Amino acid sequence: MKIFRSRNRVDTPPPVGAPLHLANTLFREGQYAAAEAEARAVAARDARHAKSARSFVAAALGAQGRHAEALAEYDALLPVFGGEYGAEHPLTLQLRVNRAQTLITLGRHAECEVECAAVARAASRGTGAAMQVLVGVARNGQIYAVNAQGRHKEAEALARAALAARDSPDRLTLALRLGLARSLNGQERHEEAATEARHAEELFRSLSEDHRRTETGAVELAMATALVGLGRGAEAGPLAAAALDACVAAFGPDHYRVAEARALLDRIDGA
């Protein structure tokens with residue numbers, strides 16, 4: 001929900017300079033509380049890098065499942081970034097899309113959809129690789145939000161278009177594939193969803209540990225959902241349980257993906 005992301009938002013800390021190198025390292029190692037503390041310390045002692053440090057704090061809060069706190073930080077930073085850099089600067093757009101994906105975790109899907117679509121339009125008017133990545137990140141958030149509102153066919157079309165524009169087997173492509181699987185599950189096209197989940201698993205395994213950490217449990221949840229739809233609950237249960245354990249260990253008990261895993265387990269147990 002970062003690139004963010006990562007269900008399929010991609011959580012990513014903001015671009016960093018030397019003062020935030022340690023916070024960045026801690027974040028990529030999954031030590032989110034320590035990354036938050038280090039970023040707060042940088043913000044307190046270094047006025048020049050305070051804005052970047054505070055955006056890092058917001059990312060670390062979200063990664064710990066403290067989504068309301070993260071949103072409050074983003075809301076405070078937006079006018080600061082917009083005033084200094086301009087509304088369509090890459091740093092401002094990155095902050096906007098991170099904020100929008102935080103809205104997902106708070107169930108504010110319609111707001112997220114509108115904001116992600118706006119960021120994608122703004123980024124598409126820009127040039128350079130960073131802007132093109134922002135288009136994909138924003139589309140990923142939009143796809144999740146559209147899926148969450150039950151418009152799965154529309155989400156499928158958005159996911160396929162976004163994937164067609166990608167040529168890199170990276171974590172953004174992984175997130176988009178998972179969004180496509182979610183849209184297919186939502187349309188009860190569970191065999192196709194299982195196929196997409198298998199493709200996503202292959203890609204997940206090819207990524208380095210720090211690049212796949214934010215998608216912990218996501219592949220298993222996509223596959224388990226497809227298996228439930230196919231009437232194979234006995235296979236889905238262990239996958240969902242493993243996803244739950246992995247998500248709690250990686251993100252803590254308050255993360256939105258933990259809630260998704262628990263809801264799926266309840267569905268399996270009640271079948």
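Compactness check for the chain: Cα Rg over 2.2 N^0.38 Å is 0.96.
Along its first, second and third principal axes, ordered by size, region 50-89 spans 30, 16, 14 Å in Cα coordinates. Each of 187, 164, 143 was scored by the projection of its Cα onto the charge dipole of region 139-200, and the greatest displacement toward the positive side belongs to 143; charges sit on the C-beta of Lys, Arg, Asp and Glu.
What part of the accessible area of the chain, given as a whole %, is carbon or sulfur when the probe is 1.4 angstrom?
On the way: 5910 of 11110 Å².
Result for the chain: 53 percent of the exposed heavy-atom area is carbon or sulfur.
Think of each Lys and Arg Cβ as +1 and each Asp and Glu Cβ as -1; about the Cα centre, that makes the dipole of region 130-271 roughly 340 debye. For region 11-115, the dipole from Cβ point charges (+1 on Lys and Arg, -1 on Asp and Glu) about the Cα centre works out to 240 debye, to the nearest 20.
Computed with a 1.4 Å probe over protein heavy atoms only, the accessible surface of region 76-218 comes to 42 Å² per residue. Here is the list for region 175-220: GluC sites (Glu not before Pro) lying in DSSP coil, each with at most 13 other C-beta atoms within 10 angstrom of its C-beta, are 188. Ellipsoid semi-axes for region 164-271, based on the Cα gyration tensor and the rule √(5λ), read 21, 18, 10 Å when sorted largest first.
The values are calculated or read from the model by the stated rules, or taken from the named source; none is laboratory data. Being a predicted model, the structure only gives us computed values, none of them experimental. Cβ coordinates were reconstructed from backbone atoms using ideal geometry, including for glycine residues, and neighbour counts include every protein chain displayed. Quick note on the areas: whole protein, heavy atoms, side chains included, nothing else; ligands and nucleic acids left out. Shrake-Rupley method; radii C 1.70, N 1.55, O 1.52, S 1.80 Å.
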